[in-house]
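Take a look at the structure below.
Please treat every number below as a calculation from the coordinates, not as lab data. As the structure is a computational prediction, the values presented were derived from the model and not from experiment. All Cβ positions, glycine included, derive from the backbone under ideal geometry; neighbour counts span all protein chains shown.
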Amino acid sequence: MMNLTYLIPISGRPNAGKTSLVNYLARTKRPVGKHAGTTLRIQPLPLIKNISLVDLPGYGRLAKRSRELENIIKDSIVQFFENPENQILFAIHVIDLSTFHYMVESLEKKNIIPIDIEMIHFLAEITEISPIIVFNKVDKLKKDKIDQNIQLFNTYTIPEVEKFIISLKTKEECRTLRNRVKKIVVEKLGSSYQNW
C-alpha cells in the first residue's frame, strides 16, 4: 500500500510572504525575492513524515510579467486544487496587511472582488477545513491601521476562518501560528505528528 502525501498549500498575492512563511514553518532557507513574482511554479517542500508544504506562485497581477504568464499561473493553481490526487489537509492564505487597504479600494472602484477575498472563498469551497488566514507585514503598520485593515477584511462575507496577525520579519506571533498548524495536523492525523 502506497503512503499518501498530505499537502498544506500556502497561497496569496505576489510578495505577500508565502515563501517566507514556508521557510519559517519548515525551518528552511529557500530564496526569497525582494520583488513580487519570484515564485513562478508550484513548489512542494517536505515538512514532516508524509506532509509537504506547497509554496504556490503569487495569485494576481505581477509587475513586469505578461498577462499570458499570469493566466498560466492562475490556471496551474486552480488545477492544483482541483486535482483529486492532491490530498489537501488544509490551506493557508497569506495577505500583505500593509497593502490590503489600497488594493481593496482600487478594486472596489472598478466593482471587482479583491483577489484575496476571491481566493479565500475558493479555498473554503474546495477544502474540508476552512483556510487559515495569515495577515503578514504588520511591522509596517501602526496599531490603528492594523485594526482598520482587519475591519475592512471583516466587512466581506468570509466563511468562519482563523486569522493570525504576524510579522515574518520580526517573528511577531509566528510561534502561535506554528503551534496552531501543528495542532491541526495532530487533530487530523494523530499524535505521531507532534514532534516537528
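Of note:
- Every condition in (1) of a type in the set (D, E, K, R); (2) touching a residue at least 12 places away in the same chain (Cβ under 8 Å); (3) farther than 29 Å from ASN195 by Cα holds for GLU128 except the one numbered (3).
- Among (1) surrounded by fewer than 18 Cβ atoms within 10 Å (Cβ to Cβ); (2) over 14 Å from the mean Cα position of the chain (by Cα), the one test that GLU162 misses: (2)
- Qualifying residue in the stretch 159-170 (condition: part of a helix (DSSP H, G or I) and either touching a residue at least 40 places away in the same chain (Cβ under 8 Å) or among the aromatic types (Phe, Trp, Tyr) (or both)): no
- Filter pass, LYS137 being within 15 Å of the chain's Cα centre (by Cα), buried (at least 19 other Cβ atoms within 10 Å of the Cβ) and among the charged types (D, E, K, R): yes
- When LEU152 is tested against (1) over 16 Å from the mean Cα position of the chain (by Cα); (2) among the hydrophobic types (A, V, I, L, M, F, W, C); (3) part of a loop (DSSP other than H, G, I, E, B); (4) under 26 Å from ILE112 (Cα atoms), exactly one condition is not met: (3).
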